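None of the figures in this text is laboratory data; all of them are computed from the coordinates on show. Since this is a predicted model, take the numbers as computed values, not measurements. All Cβ positions, even for glycine, are placed from backbone atoms using ideal geometry, and neighbour counts span all protein chains on display.
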Amino acid sequence: MIGRQNFNNVKKIIKNSTIRLTLSYLAIIMLMSFGSSLIFYRISYDAIGRQLMQVETIGTQTRGLGLSDLITINEFLQERIAEVRHELSMRLIFINLLILLVGSVISYLLARKTLQPIAKNIEAQEQFISDASHELRTPLTAIQTTNEVALRKNNITSPEAKDILKNNIEEVAKLKQLVDSLLHLAKADGNAYNFTKLDLSDVVSEALNKVATTAIAKNIAINDAVPKISITGNKESLSQAIAIILDNAIKYSPDNSHVNISAKKTSKLVTIKIKDQGIGIKKIHLPHIFERFYRADSSRSKSLIDGFGIGLALAKKIVEQHDGKVIVTSTPGKGSTFSLTIPSN
Ligand code: ADP
C-alpha cells in the first residue's frame, strides 16, 4: 500500500517536472523564433522602405511625367508596400504559431526523454526501499509474535524460555545479515573502495574461510584450483563477492557434493569460475537472479533455503566496480557455473 502511494507520488513529481521542463524548452524555442522573426521583419521593412525611396527618386528624375502621375505612382506604391508589409507580418505570425505547435510537441518529447533516466532511478529506489522494508518486517513480526505468545503464558518453563530466546537470536541474526547486506550494497553504490595490487589466490583463500563452516555442515568439498595471479582491486569486497557465489553454490547444492573454483588468465583478463552440482537455475530465472530481492523458485528456495535475494546483486555490483562482469550458465538438476571476469595486471 505504502509502495503504491510512493509510486503515485513519484509519478506526480515526474509529471510536474515534465510540464515545467516542456515549458522551459518551449520558452527557449519561442524566444528564438520571435527574436529571429522580429529581426527578419525589421530588415524586410527597411528594405521595402528603401525600394520605395528609389522608385520615388526615379519618378522625380523621369522627364515627361506630370506631378499628378507621380502622386498616383506614389500612392500605388505606398498601398502595395503596406499590403506587402501586412502579408509579411501575417506570414510571420502564421510561422510562429506553427513553431509554437510543433515546438510544444518537440519540447514535450525532449522533456520526457531527459527525465526518463531520472524517473527510472527514482522508481528503482522506491522499489528498493519498499522491498527492503518488506524483508525487514518478516523477521521483526516473527520476533514480536513469539514474544507476545510467551508473555501470555502464565507459567513458562525454563526450556520453553530458552527455546524462545534461541528463536529470537536466530531472527536477529537474519536481520543483522540483511542490514549488513544492505549497507554493503549502499557502499558499493557509493564507489568507496580503495584499490591495491593483490594476489588472486589470497583473495580466494579469504572467501573460502568465510564459507568454510557452511561447507563443512553440508559435507561439501570445495576444490580450490586458483593459481597465483596478480590483480588490482579491493581485497575485502572482492573476497566478499566470491564468498557470496561460493555460499550460493553450497546453499543450493545437495549434501556431500562438490564445488570447484578455478581461475584462468589471458593477456588482459582474469576469469574466476565457480562450478557446483546443485539444483541449477531455470532459464526463465536466469535474466533476473542479479536483481535486488529476486529469488528464483519461490516454492523451494524461499521456504527451505535462507536468503533475501540480495547476494548476487551485491556480487555483481562489486565486480562491476572492478570493471568486470559476472555471467552464469546453468542446467536445472545438474548445477550452475558462475564466471567472474575482471581485468588482470
Ligand atoms: P539468495 O539470498 O536468495 O541466495 P541471491 O541474490 O544470492 O539471493 O541469489 C538469487 C537467486 O538466484 C537465489 O534465490 C537462487 O534462486 C538463485 N541462485 C543463485 N545461485 C545459485 C546456485 N548456485 N544454484 C542455484 N540457484 C542459485
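Here is a list: Ser104, Ser133. Which entry is touching a residue at least 60 places away in the same chain (Cβ under 8 Å) and closer than 28 Å to Met30 by Cα? Before the answer, list the steps.
Working: Ser133 fails: closer than 28 Å to Met30 by Cα.
Result of the check over Ser104, Ser133: Ser104.
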Ala207 passes all but one of (1) under 21 Å from Ile327 (Cβ atoms); (2) touching a strand residue (DSSP E or B) at 6+ places or on another chain (Cβ under 7 Å); which number fails?
-> (2)
When segment 187-221 is checked residue by residue, the ones that are under 20 Å from Val319 (Cβ atoms), loosely packed, with under 11 Cβ neighbours inside 10 Å and of a type in the set (Gly, Ala, Ser) are Gly190
Do we find that Ile93 is assigned to a helix (DSSP H, G or I), within 29 Å of Ile29 (Cα to Cα), touching a residue at least 24 places away in the same chain (Cβ under 8 Å) and out of contact with any strand residue (DSSP E or B) (no Cβ under 9 Å at 6 or more places or on another chain) in this structure?
-> no
Restricting to segment 313-337, what's the tally of residues that are more than 9 Å from the ligand (Cβ to nearest atom), crowded, with 20+ Cβ neighbours inside 10 Å and more than 28 Å from Ala124 (Cα to Cα)?
-> 0
Working only within segment 225-259, note down all residues that are away from the ligand (no atom under 12 Å from the Cβ), more than 28 Å from the chain's Cα centre (by Cα) and either part of a strand (DSSP E or B) or at negative phi (or both).
-> Ala225, Val226, Pro227, Lys228, Ile229, Ser230, Ile231, Asp255, His258
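Return a yes/no flag: does segment 303-311 have any residue that is touching a strand residue (DSSP E or B) at 6+ places or on another chain (Cβ under 7 Å), of a type in the set (A, V, I, L, M) and surrounded by 13 or more Cβ atoms within 10 Å (Cβ to Cβ). Reasoning before the result, please.
Let us first name the residues in segment 303-311 that are touching a strand residue (DSSP E or B) at 6+ places or on another chain (Cβ under 7 Å), namely none.
Within segment 303-311, none of the residues are touching a strand residue (DSSP E or B) at 6+ places or on another chain (Cβ under 7 Å), of a type in the set (A, V, I, L, M) and surrounded by 13 or more Cβ atoms within 10 Å (Cβ to Cβ).
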Out of (1) more than 12 Å from the ligand (Cβ to nearest atom); (2) within 17 Å of Val203 (Cα to Cα); (3) outside any helix (DSSP H, G or I), what's the single condition that is false for Ser267?
-> (2)
